[in-house]
Amino acid sequence: MAAPEVRSTLERNECVRRYTASMPNDAFARLVDRVAGNARSGAPWAEELLYHWVDTERSDTKRTVLLQEMVRSSFLGCPFECLTRLAAVPETNVSSLSAELLVMAGPAGEQALIRALPRIRGYQLSLAIGALRDGSVPLDADLLSEYIRHPNRFVRHTTLGLLGRRGDSTCTPHLLEALARPDRSTWESALLALGVVGDARAVDAILNRLRTHAARKSGLETPFVELELNFLGQHAHERPDAFATAREIVVSTWAKRNEEETYWITRFLPQVAPHAREPLQPPTTEAVATLKAQMIEHQRRGARIVA
């Protein structure tokens with residue numbers, strides 16, 4: 001056996017010898033760092049040892065140390081069966097890091113996580129769905145639709161955020177269903193997602209929302225008039241009739257708009273402001289692109305979770 005191979009074997013044996021289930025957390029963290037260093041140097045046994053430990057360790061603190069190192073060093077060879085099991089563990093760090101590793105592993109890992117979603121419960125389910133935001137596999141909106149209806153509002157919120165980030169216009173019917181729900185965090189998330197990926201099928205529902213919200217005096221925490229006008233402005237070429245109705249609504253309720261709203265309207269959608277020139281013209285292509293970029297930024301920041 002060549003000298004480097006001898007040293008590598010001796011190092012492996014020493015790391016295995018040092019590990020015990022009862023060792024202090026700080027000592028374990030140092031040992032993980034040592035093994036990870038060997039893995040980064042190309043030792044073939046080192047990554048496998050980390051995967052073995054994360055599969056057999058029962059301490060959430062130690063599993064977190066292992067998973068953090070695997071994420072940090074992009075060690076992506078851990079068996080998917082192990083990671084999907086850990087993604088369902090009721091400990092936030094363990095579940096979220098495991099889901100992140102599955103998505104980092106590429107399409108196969110992402111599909112494994114999607115298949116595992118029915119076995120994940122509660123807040124851990126929202127973490128797993130949230131991890132999919134950074135994936136690349138085409139989303140099946142029909143498959144995810146059950147999570148839009150989930151009893152946990154965090155799961156609904158996260159699913160709608162995922163569709164807004166990675167969905168397309170085929171998501172519109174599911175987003176419209178969520179828009180009709182009574183709880184604000186769900187319909188606001190749906191409104192944001194529609195503003196990014198929704199198509200003109202949502203115009204009438206958004207116009208009805210605008211009628212309701214514009215009739216009320218605006219507050220700093222209710223920017224819905226802006227969001228709804230943004231969507232209607234994006235689709236003004238397809239539905240000029242709805243855009244004209246939106247202008248009538250804005251003009252008739254102008255006194256109820258706060259300073260932020262009047263500034264936004266006059267700068268980004270001046271066609272619907274009072275005293276706008278006739279005939280009513282839809283936004284230019286450049287203006288529509290600006291509206292879409294604004295909605296993407298709103299969607300990135302997300303809806304507020306409220307009871």
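This table checks each residue for (1) in contact with a Lys or Arg (Cβ under 8 Å, 6 or more places away or on another chain); (2) touching a residue at least 60 places away in the same chain (Cβ under 8 Å).
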residue	(1), (2)
Pro151	no, no
Ser169	no, no
Thr172	yes, no
Thr186	yes, no
Ser189	yes, yes
Ala236	no, no
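Tally the residues that are under 14 Å from Arg247 (Cα atoms), part of a helix (DSSP H, G or I) and in contact (Cβ under 8 Å) with a residue 24 or more places away in the chain, restricting the search to region 265-299.
To start, the set of residues in region 265-299 that are under 14 Å from Arg247 (Cα atoms) comprises 265-266, 268-283.
Going one step further and asking which of them are part of a helix (DSSP H, G or I), we end up with 265-266, 268, 270-272.
Filter once more, so that each one left must be in contact (Cβ under 8 Å) with a residue 24 or more places away in the chain: 265, 268, 271-272.
The number of residues fulfilling the criteria is 4.
Is it the case that region 150-165 has a residue that's farther than 23 Å from Thr92 by Cβ, surrounded by fewer than 24 Cβ atoms within 10 Å (Cβ to Cβ), at pLDDT below 95 and outside the structural domain of Thr92 (by TED's automatic domain parsing)?
no
List the number of the failed condition for Arg85; all other conditions in (1) assigned by TED's automatic domain parsing to the domain that holds Leu127; (2) farther than 24 Å from Ile129 by Cβ; (3) charged (D, E, K, R) hold.
Checking Arg85 against (1) assigned by TED's automatic domain parsing to the domain that holds Leu127; (2) farther than 24 Å from Ile129 by Cβ; (3) charged (D, E, K, R), the one that fails is (2).
Can you find even one residue in region 245-253 that is surrounded by fewer than 16 Cβ atoms within 10 Å (Cβ to Cβ), touching a residue at least 60 places away in the same chain (Cβ under 8 Å) and not β-branched (Val, Ile, Thr)?
No, that holds for no residue.
The values are calculated or read from the model by the stated rules, or taken from the named source; none is laboratory data. Since we're looking at a predicted model, the values are computed, not measured. FYI the Cβ positions are ideal-geometry reconstructions off the backbone, even for glycines, and counts take in every protein chain you see.
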